[in-house]
Each structure stands twice: as structure tokens, then as C-alpha cells.
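Everything below concerns the one structure shown next.
The values are calculated or read from the model by the stated rules, or taken from the named source; none is laboratory data. Bear in mind the structure is a predicted one, so any value in this text is a computation, not a measurement. So basically every Cβ, Gly included, is an ideal-geometry build from the backbone, and we count neighbours across all protein chains shown.
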Amino acid sequence: MDQEKIVDWLSKGCEQIQLVLTDQQVRILAAYAEKVLATNETMNLTRITALAEFAIKHYVDSLSCLKAGVDLNSRGIDVGTGAGFPGLVLAVHNRQSNVTLLDSLEKRVKFLVRSSEELKIDNVECIHGRAEDLGQRQSRREKYDWAVARAVAPLPVLLELCIPFVKKKGSFIAMKSGNVSQEIDNSQRAAEIMGAELAEVRIFELPYNMGLRSLVLYRKVEVTPNKYPRKPGVPQKRSL
């Protein structure tokens, strides 16, 4: 992989959304991209392999969370992190943060552990498990200042999986593609049950016309009832 090409695309993309990365941050992300794409030949990490798309659709998209108005220099969790988007990218940018990367596939988590150690990204914790299980553990429940999810799941499901991790007065950022006004309307009941309220929706176009994105921001205003999240698989089968 030509790291200079992804450095160039990443720098240009960040400039278009008015974000600044240090040279060290850019180099770490370029090296991580090389690891992802090399490992992707034997493990399914991403469908996006063209360097321009990788830089914009993975990195710039992940960094757009910085526009959500949430203080990310604190303890956060990326639920369903996959190849580390957006959680690992946010950890590289915000080195004072402490970011948990949660994924249900053990081999992906092992890749994240190995890569973060090799690149000395020491403010991430990589955890293998299901959000339904972890969200019920006292060591994890309502222990995070913020949560983020870029996973492809309906918003009511994401609310049940993510809000239990968040402290009262904390934030949840749902990263969605396109216009999600109808999905937000359909999620009002789930948000109320989880103890959250909609704070803001920011809709924007990725650089170089690479897609419409929505950042849906919720604030946690009440403690989540103990019965949530429900057992693994139930939120997806019977969403609130």
C-alpha cells in the first residue's frame, strides 16, 4: 500500500470538513490503514479497499464525531467497532480519552489488540463480547461519558444496546447514512424507555461527494431501567 496516497487523501478530506490532524496522527492512521488492508486479504474487515474511499469513508467519517459537540477527551465506548471505526480513530485524535472498542467477533478483537499495541495506541481497551451482556455488568453499566455506534442496525436497537453503558448526563452518538428523520421518529419510544432524549441531528455530505451522513446525538437524562438491555438477540428480534 502507498501510505503517501492515503496521507494525501486524509489530509485533503480533513481540510474540507475543517479538522486539523498532526503529522503524527496522520502517520499512525496511515500505518493502521496498511494493517487493515493487509489483514483484509485473510479476514473480513472492510469492503472498502480503494485508498481514497478508505480515507474518506472510514477516517474522515469517523472524525466527523468531533463535530457532534461532545467532549470526547473522557471515557467512551464504541459498540460494534468492527475494524475500529470510529473508536480507534477517535482515540488516535484524542489521546486524553479512554476508549473501549467492543466487538462480538473474537478474531477482530485480537486484530485490534495486536494493531493498537504495535502502533502504541495505549488509550484503547479492546473487548470481545455482546453489548447485551456487557451492558448488564456493573463494571460497565453507566460507566461511560459517551458511546458511539456506526453499526448497521435500526436506531431503536442501537439505543437499547448503547444507552445502558452511558452515565446520566452522558451522550450517545449514532452514526447513520442518509436522512434518518423517519427512523428518528420511530425511535422516540425506545429513547424514552432508555432514559435518553434527542439533542441534535447534524446532516452533512462527506468530501468528494462520497455520501450523505447523519450524526444523531442523544443525551441521557434518566437512569436506564435494569431490565435493559434484554438478552442477546432480543433487541434485534423485538425492537422497542
* For residues in region 204-230 being out of contact with any strand residue (DSSP E or B) (no Cβ under 9 Å at 6 or more places or on another chain), under 15 Å from Arg141 (Cα atoms) and in contact (Cβ under 8 Å) with a residue 12 or more places away in the chain, which is surrounded by the fewest Cβ atoms within 10 Å (Cβ to Cβ)? -> Pro225
* Considering only residues of region 171-206 that are more than 24 Å from Pro232 (Cα to Cα) and of a type in the set (Gly, Ala, Ser), which is modelled with the lowest pLDDT? -> Gly178
* **Unique match (being touching a helix residue (DSSP H, G or I) at 6+ places or on another chain (Cβ under 7 Å), closer than 27 Å to Leu217 by Cβ, in a helix (DSSP H, G or I) and small (Gly, Ala, Ser)) among Ala91, Ala55, Ala30** => Ala55
* Any idea how many residues of region 95-109 are in contact (Cβ under 8 Å) with a residue 24 or more places away in the chain and not in a strand (DSSP E or B)? -> 6
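Could you say which residue among Asn73, Asn44 is under 19 Å from Tyr144 (Cα atoms) and assigned to a loop (DSSP other than H, G, I, E, B)?
None of the other options fit; the residue is Asn73.
Take the residues in region 1-43 that are among the β-branched types (Val, Ile, Thr) and within 14 Å of Ile56 (Cα to Cα), then tell me which one is surrounded by the fewest Cβ atoms within 10 Å (Cβ to Cβ).
Of the residues in region 1-43, the ones among the β-branched types (Val, Ile, Thr) are 6-7, 17, 20, 22, 26, 28, 36, 39, 42.
If we keep only those that are within 14 Å of Ile56 (Cα to Cα) too, we end up with 6-7, 17, 26.
Numbers: Ile6: 24, Val7: 19, Ile17: 17, Val26: 19.
It comes out as Ile17.
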* **Criterion (within 22 Å of Asn73 (Cα to Cα), over 19 Å from the mean Cα position of the chain (by Cα) and of a type in the set (Lys, Arg)) met by exactly one of Lys227, Lys237, Lys168, Lys231** => Lys168
* Between a first residue in region 110-128 that is under 17 Å from Val36 (Cα atoms) and touching a residue at least 12 places away in the same chain (Cβ under 8 Å) and a second residue that is of a type in the set (Asp, Glu) and part of a loop (DSSP other than H, G, I, E, B), which pairs have beta carbons less than 9 Å apart while being 6 or more apart in sequence or on different chains? -> Ser116/Asp122
* May I ask you to verify whether Lys35 is under 28 Å from Ser11 (Cβ atoms), among the basic types (Lys, Arg) and in contact (Cβ under 8 Å) with a residue 24 or more places away in the chain? => yes
